[in-house]
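**Q** Here it is, the structure in full.
The values are calculated or read from the model by the stated rules, or taken from the named source; none is laboratory data. Not measured: the values here are computed from a predicted model. Counting neighbours? That spans all protein chains shown, and the Cβs are built from the backbone with ideal geometry, glycine included. To get the accessible areas, we keep the full protein, side chains included, count just its heavy atoms, and leave off ligands, DNA and RNA. Shrake-Rupley method; radii C 1.70, N 1.55, O 1.52, S 1.80 Å.
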Amino acid sequence: MLILGIESSCDETAAAVLEDGTRVLSNIVASQIEVHRQYGGVVPELASRHHLESIVPTVESALLEANRGKQHLDAIAVTQGPGLVGSLLVGLNYAKALSYVLGCPLIAVNHLEGHIFSVPLELARIEQDRGAQPRSDWDHLLPALALVVSGGHTSLYVVNGLWYRGKRQERYRLVGRTRDDAAGEAFDKVAKLLFLGYPGGPIIDRLFPRGDPGAVSLPATKISDRSLDFSFSGIKTAVLRQVQSAFQAESEFLRQHRNTPGFHDNLPQPVYDLLASFQSAVVETLFQTTFRAAEREFPKSILVSGGVACNRWLRERFSQGFGRVGIPVHFPSPLLSTDNAAMIAAAGYPKFLRGEFADLTLNADVNLKLA
């Protein structure tokens, strides 16, 4: 059974073909990083224009790599939201047109649900590589705590159901979310402040080992009402204050040399220390809040997904920290961590089995809620 997944919620045009909900036959992503790099972040108007240019060749590439034709598709799963409205509409309208022409069902998927499904999709790939049959459900993971952490989202859910074939709906309960910047957004803004380029997360993560995480004292975010919400604006502002007060000479050096070859490999040591301290503070905030949630919710596992899940220090901190209390932590591979369409097709598979189809009146929802 084949599902074509389409994802266009932000700045990645993606298409994928999934067989039986677990086997990835293709997973194509057309990146717009070079388009937005000069602006230090995503420009919504430019993103939607490039989706228009990329959507047809991206879908065609996915079908070609999967060695399948449109006539072989059993359903089309597409991101309905949340995201940028112009970007969402490109993927959504293309999916509706294709569904109408082919006469196959249309499945609406929440982007955040897709990120959660990227973890069992990765686990299924591992089982297939071992020659084993992927599980038909994921009861051994549940209940789980799912942290979705990216450039646009930082949310924490209790997951009570995933691949149930008609027995019950997927069930998610939101227990925490960011009150200001998303974690990935904070990485991008700090990188922009220091003239490091875009996207900021991978750059800072690569430079992290060169600095001392304890060199610069950055305040840990504290939510006074004891909720499980996140906040990263304070850490970001603390970096700004450090740059303004103690890093004026270094800041001028960065501004003058930002376009020179080997720039990232020749930064002043205090800058490496500041970056390491910043990354450590962000990861610690994510870990401590998730750990407090685990103490309240007693999960069997922790699922971490989204672009920031590629961060090496985050993976190490979560694996070690939860390993001490015997709770396994699962991450998707880097390709499945960032925005992609395989996760959308995977999230659409159980909906297909239950007959949860959308009609052609389906519209984008930039604030679509998962729970």
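**Q** Answer with yes or no whether Ala132 is more than 29 Å from Phe230 (Cβ to Cβ), in a loop (DSSP other than H, G, I, E, B) and open to solvent by 10 Å² or more (accessible area, probe 1.4 Å). Steps first, please.
**A** On the way: more than 29 Å from Phe230 (Cβ to Cβ): yes; in a loop (DSSP other than H, G, I, E, B): yes; open to solvent by 10 Å² or more (accessible area, probe 1.4 Å): yes.
Judged against the criteria, Ala132 is a match.
**Q** Restricting the first residue to region 234-247 and requiring it to be under 10 Å from Leu274 (Cβ atoms), which pairs with a second residue that is open to solvent by less than 50 Å² (accessible area, probe 1.4 Å) and among the polar types (S, T, N, Q) meet a Cβ separation below 7 Å and a spacing of at least six or different chains?
**A** Val243/Ser251
**Q** Restricting to region 6-15, and then to whatever is in a strand (DSSP E or B) and over 15 Å from Ala108 (Cα atoms), can you tell me which residue is nearest to the chain's Cα centre (by Cα)? Walk me through it before giving the result.
**A** The first filter runs over region 6-15 and keeps only residues in a strand (DSSP E or B), leaving 6-7, 12-15.
Next cut, over 15 Å from Ala108 (Cα atoms) only: 12-14.
Numbers: Glu12: 11, Thr13: 14, Ala14: 13 Å.
Per the stated criteria, the residue is Glu12.
**Q** Only one of Leu267, Leu286, Leu275, Leu254 is within 17 Å of Phe187 (Cβ to Cβ), in contact with a strand residue (DSSP E or B) (Cβ under 7 Å, 6 or more places away or on another chain) and either of a type in the set (A, V, I, L, M) or open to solvent by less than 40 Å² (accessible area, probe 1.4 Å) (or both). Can you tell me which? Break it down into steps so the answer makes sense when it comes.
**A** Values: Leu267 fails: in contact with a strand residue (DSSP E or B) (Cβ under 7 Å, 6 or more places away or on another chain); Leu275 fails: in contact with a strand residue (DSSP E or B) (Cβ under 7 Å, 6 or more places away or on another chain); Leu254 fails: in contact with a strand residue (DSSP E or B) (Cβ under 7 Å, 6 or more places away or on another chain).
It is Leu286.
**Q** What's the number of the condition Ala146 fails, among (1) open to solvent by 10 Å² or more (accessible area, probe 1.4 Å); (2) under 24 Å from Leu286 (Cβ atoms)?
**A** Against the list (1) open to solvent by 10 Å² or more (accessible area, probe 1.4 Å); (2) under 24 Å from Leu286 (Cβ atoms), Ala146 comes up short only on (1).
**Q** Suppose we filter His36, His50 for residues that are out of contact with any Pro (no Cβ under 8 Å at 6 or more places or on another chain), surrounded by 16 or more Cβ atoms within 10 Å (Cβ to Cβ), in a helix (DSSP H, G or I) and modelled with pLDDT under 95; which single one remains? If you could, list the steps in order and put the result at the bottom.
**A** On the way: His50 fails: modelled with pLDDT under 95.
Step by step, each of His36, His50 is checked, and only His36 is out of contact with any Pro (no Cβ under 8 Å at 6 or more places or on another chain), surrounded by 16 or more Cβ atoms within 10 Å (Cβ to Cβ), in a helix (DSSP H, G or I) and modelled with pLDDT under 95.
**Q** So, one more: Scan region 135-147 for residues that are closer than 13 Å to Gly21 by Cβ and either in a strand (DSSP E or B) or at pLDDT 95 or above (or both) and report the count. Give the steps one after another, and end with the answer.
**A** Pass one, region 135-147, residues closer than 13 Å to Gly21 by Cβ: 135-138.
Applying the additional criterion that residues be either in a strand (DSSP E or B) or at pLDDT 95 or above (or both) yields none.
So the count comes out to 0.
**Q** Got a sec? Which of Lys236, Lys222 is assigned to a helix (DSSP H, G or I) and either of a type outside the set (A, V, I, L, M, F, W, C) or open to solvent by 70 Å² or more (accessible area, probe 1.4 Å) (or both)? Give the derivation first.
**A** On the way: Lys222 fails: assigned to a helix (DSSP H, G or I).
Being assigned to a helix (DSSP H, G or I) and either of a type outside the set (A, V, I, L, M, F, W, C) or open to solvent by 70 Å² or more (accessible area, probe 1.4 Å) (or both) holds for just one of Lys236, Lys222, which is Lys236.
**Q** Which of the residues spanning region 321-335 are surrounded by fewer than 24 Cβ atoms within 10 Å (Cβ to Cβ) and within 25 Å of Ser61 (Cα to Cα)?
**A** Here is the first cut: in region 321-335, the residues surrounded by fewer than 24 Cβ atoms within 10 Å (Cβ to Cβ) are 321-331, 333-335.
Answer for region 321-335, where residues must be surrounded by fewer than 24 Cβ atoms within 10 Å (Cβ to Cβ) and within 25 Å of Ser61 (Cα to Cα): Ser333, Pro334, Leu335.
**Q** Output yes when any residue across region 53-60 is of a type outside the set (Ser, Thr, Tyr), over 22 Å from Ala347 (Cβ atoms), touching a residue at least 40 places away in the same chain (Cβ under 8 Å) and surrounded by fewer than 21 Cβ atoms within 10 Å (Cβ to Cβ), and no when none is. Reasoning before the result, please.
**A** First, pick out the residues of region 53-60 that are of a type outside the set (Ser, Thr, Tyr): 53, 55-57, 59-60.
Add one more test, that the residue is over 22 Å from Ala347 (Cβ atoms), and what stays is 53, 56-57, 60.
Filter once more, keeping what is touching a residue at least 40 places away in the same chain (Cβ under 8 Å): none.
No, region 53-60 contains no residue that is of a type outside the set (Ser, Thr, Tyr), over 22 Å from Ala347 (Cβ atoms), touching a residue at least 40 places away in the same chain (Cβ under 8 Å) and surrounded by fewer than 21 Cβ atoms within 10 Å (Cβ to Cβ).
**Q** In the list Phe298, Phe318, which residue meets the criterion of being open to solvent by 50 Å² or more (accessible area, probe 1.4 Å) and under 21 Å from Leu174 (Cβ atoms)?
**A** Details: Phe318 fails: open to solvent by 50 Å² or more (accessible area, probe 1.4 Å).
Result of the check over Phe298, Phe318: Phe298.
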